[in-house]
Amino acid sequence: MRKITTSAYMPTEIEVQSISENVAKITAYPFETGYAVTLAHPLRRLLYTSTVGFAPIGVKIKGVSHEFDSMRGMLEDVAFFIINLKKIRFKLKNDSEREVVEYSFKGPKEITGADLNNDSVEIVNSDAYLATINEDAELNFSVVIQKGIGYVPSEEIREEIEDDYIALDAFFTPVKKAVYDLENVLVEDDPDYEKIVFTITTDGQVGPIEAFKNCLEAMYQQMSVFKGVLDIDVNAPITNIDGGGEHAKLLSNVEELNLSARSFNCLDKAEIRYIGELALMDENELKEPKKLGKKSLEEIKAVMEEIGYPVGGNALKESKDQLRKKIAELKSQMSAK
């Protein structure tokens, strides 16, 4: 029989079972009815979209000018070579985020993933087939391997690589399968509490438990945008909720701009944390962060104009010095934590 309460039941049990190197089962319970699926569904989505992996994002083949070309002495057309290359699962060593790896093969030879191992990269699926070249052929190519999350189409990668490389669709996620089951569990006399059972399978770039950690961190980071609500005095006049002042939004994190992952990551690497920092910049200053491409620049400019603080504009006027001082204080407090 359900009792009247003032808060939801807090689950207390967690079980982590490593089934194999690439498969794990994670169980948590007991949840009140409805809470299990509320948590399980977004976590499953984040496993696919937020787990860090590695993928080839560009390839340059000697003697080949485009992806629909062919190469003398190679069994495959370049298009099929690229399809096979994207199936090979690279893993960068030494905590590197990007490597350009060069290869040279002389025929006759059947080339597989095992042939691509070197000091910079490890091939997870060493049996994966790449190409076959005959006795008169020589295959020389270089590949750009990048660390990332989710999926990025080749059209958006072109500005990330040199012009003489063929851009590739990047499938970063190392999670091959993520499923969850909900099971009933008895709490006292109530059989309607629930248990979440996750089964996670990865391709070997990262382990399944590490993948689950990634998705939990992503969820916590996304939820942190609401942490300011906890500091609101609910008994205070409604005008106090925005923190006071017409420019309070400028002290908010750039996450609130809902930029694409690529644009946000560029700002994050440049340690640009607050919307006000963007409002203080002109266009030349905004171009300075490394890897901030043309599309990202245009996206940021459009969003800033939409919220009333165009890049290079004069919306702040006399309050610029105060804003710089406040942002410096916030960054100092963050560094101290």
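When Pro11 is tested against (1) at pLDDT below 95; (2) farther than 30 Å from Tyr103 by Cβ; (3) surrounded by fewer than 19 Cβ atoms within 10 Å (Cβ to Cβ), exactly one condition is not met: (3).
So that you can scan it fast, the table gives a plain yes or no per residue for (1) at pLDDT 80 or above; (2) under 18 Å from Val225 (Cβ atoms); (3) open to solvent by less than 40 Å² (accessible area, probe 1.4 Å):
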site	(1), (2), (3)
Asp268	yes, yes, no
Asn284	yes, no, no
Glu288	no, no, no
Lys291	no, no, no
Val311	yes, no, yes
Ser319	no, no, yes
Lys326	yes, no, no
Ala336	no, no, no
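Picking from residues in segment 195-213 that are out of contact with any Phe, Trp or Tyr (no Cβ under 9 Å at 6 or more places or on another chain) and open to solvent by 30 Å² or more (accessible area, probe 1.4 Å), the one that is nearest to Val124 (Cα to Cα) is Thr201.
Reported count of residues in segment 258-299, each being touching a residue at least 40 places away in the same chain (Cβ under 8 Å) and basic (Lys, Arg), is 5.
The set of residues from segment 40-82 being open to solvent by 60 Å² or more (accessible area, probe 1.4 Å), in contact with a strand residue (DSSP E or B) (Cβ under 7 Å, 6 or more places away or on another chain) and either in a helix (DSSP H, G or I) or under 23 Å from Gly204 (Cα atoms) (or both) comprises Arg44, Tyr48, Thr49. Going by the conditions given, is Gly150 open to solvent by less than 70 Å² (accessible area, probe 1.4 Å) and in contact with a strand residue (DSSP E or B) (Cβ under 8 Å, 6 or more places away or on another chain)? No.
For segment 112-141, taking the residues that are open to solvent by 70 Å² or more (accessible area, probe 1.4 Å), assigned to a loop (DSSP other than H, G, I, E, B) and farther than 20 Å from Glu102 by Cβ, the one that is modelled with the lowest pLDDT is identified as Asp136.
Determine whether Ser104 is among the polar types (S, T, N, Q), open to solvent by 60 Å² or more (accessible area, probe 1.4 Å) and either assigned to a strand (DSSP E or B) or in contact with a Pro (Cβ under 6 Å, 6 or more places away or on another chain) (or both). Criteria met by Ser104. Filtered by the rule that a residue be open to solvent by less than 80 Å² (accessible area, probe 1.4 Å), assigned to a strand (DSSP E or B) and touching a residue at least 40 places away in the same chain (Cβ under 8 Å), segment 14-27 gives Val23, Ala24, Lys25, Ile26, Thr27.
The values are calculated or read from the model by the stated rules, or taken from the named source; none is laboratory data. A quick note: this is a predicted structure, and the numbers were derived from the prediction, not measured. Here Cβ is always computed from backbone atoms with ideal geometry, including for glycine, and neighbour counts include all displayed protein chains. For the accessible areas, the whole protein counts, side chains as well, though only heavy atoms, and no ligand, DNA or RNA atoms are used. Shrake-Rupley method; radii C 1.70, N 1.55, O 1.52, S 1.80 Å.
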